[in-house]
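Okay, so here's the structure we're looking at.
The values are calculated or read from the model by the stated rules, or taken from the named source; none is laboratory data. In this text, all values refer to a predicted model and were calculated from it rather than measured experimentally. Cβ placement follows ideal geometry from the backbone for every residue including glycine, while neighbour counts extend to all protein chains displayed. SASA here: full protein model, heavy atoms, side chains in, ligands and nucleic acids out. Shrake-Rupley method; radii C 1.70, N 1.55, O 1.52, S 1.80 Å.
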Amino acid sequence: MKKTEQLKQMINSQHLEFIMEAHSGLSAAIAEEAGFRGIWASGLSISAAMGVRDNNEASWTQVLDVLEFMSDATSVPILLDGDTGYGNFNNARRLVKKLEQRQIAGVCIEDKLFPKTNSFIHAKAQPLADVDEFCGKIKAMKDTQSDEDFVVVARVEAFITGWGLEEALRRAEAYRQAGADAVLIHSKRSDIVEIESFMKEWGGRLPVVIVPTKYYTTPTLRFQELGVSLVIWANHNLRASIEAMKKTSSQIFQEKSLVHVEDGVATLEEVFRLQRAGELQTAEQKYLPST
Ligand code: SPV
Ligand code: MG
């Protein structure tokens, strides 16, 4: 099955599905190996791994380059966090073209302004996109895709920016009518009140995607009861790697020795395995002249 079809089926399936954040070829391969059937190419994580902010400081082609490595390293579908589409409708539709060329299964765009800011930073002050302008962007993206299964997710930032349920619903409905395949309703509350209120009024008009980074204590069963389609675990490979790297760097610096670190890090053999070094060895036997 095509990657686009796999993602579309996950989003439209009757049961709750999960995708895991990755930000490099390596982290994407690890997420797939853990069992995830899809990957979230997080804007926050990709930018952080590059050492820059989640404010479109990395150019969209630099993000594409990372995606290409992620796509090559995996066989499960990737949903790109496409921020605001990196400009207007024209930039967003060109993005779709370039994503399809790299076998990326779908993209999520959010109704904010370029350059965006992460939803958990000064969120109240962030302006939202004009609804009609954002709908035009969705339409242009859907008209551009050459694979009918490519997925466009419209992300509603109304709750994040301090608007209420009414505005969230108005926007989600407009994005549905513009042709979005799913809506992502985002909340920065530590409880599920906003998501609950949205789900009750939304009534399954389109599949709903959520990102429970802040309301992580809510039991996953509750998401299922509410009729959520897809959960994104949005940044946990990045955050896990930061902790591990900080601990290891600091320990090696302090101790000027590897003795107490060796057992706590991945073996070199494991690195080679994840890089699929074995495949190259087999290919060398096949293609290099025997000596
Ligand atoms: C990301 O992972 O970059 C997201 C989700 O957009 S959030 O950081 O919650 O905005
Ligand atoms: Mg993001």
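Among the residues of the stretch 25-52, the ones that are assigned to a loop (DSSP other than H, G, I, E, B) and in contact (Cβ under 8 Å) with a residue 60 or more places away in the chain come to 2 in all. Pairs are defined by a Cβ separation below 6 Å, a sequence spacing of at least 6 or placement on different chains, a first member in the stretch 67-95 that is closer than 20 Å to residue 128 by Cα, and a second member that is of a type in the set (Lys, Arg) and surrounded by 24 or more Cβ atoms within 10 Å (Cβ to Cβ); the pairs so defined are 85/137; 89/137; 92/137.
Looking at the structure I just gave you, is residue 66 within 16 Å of ligand 1 (Cβ to nearest atom), over 12 Å from the mean Cα position of the chain (by Cα) and not in a loop (DSSP other than H, G, I, E, B)? The answer is yes for residue 66.
Taken together, 253, 223, 272 contain a single residue that is among the aromatic types (Phe, Trp, Tyr) and under 20 Å from residue 40 (Cα atoms), which is 223.
The rows are residues; the columns are (1) open to solvent by 60 Å² or more (accessible area, probe 1.4 Å); (2) touching a Phe, Trp or Tyr at 6+ places or on another chain (Cβ under 8 Å).
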| residue | (1), (2) |
| --- | --- |
| 7 | no, no |
| 14 | yes, no |
| 24 | no, yes |
| 29 | no, no |
| 34 | yes, no |
| 43 | no, no |
| 47 | no, no |
| 57 | yes, no |
| 80 | no, no |
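Residue check: residue 96 meets all listed conditions (1) open to solvent by less than 10 Å² (accessible area, probe 1.4 Å); (2) more than 16 Å from ligand 2 (Cβ to nearest atom); (3) under 30 Å from residue 225 (Cα atoms) but one, namely (3). Only a single item in (1) open to solvent by 40 Å² or more (accessible area, probe 1.4 Å); (2) in contact with a helix residue (DSSP H, G or I) (Cβ under 6 Å, 6 or more places away or on another chain); (3) outside any helix (DSSP H, G or I) is not met by residue 289, and it is number (2).
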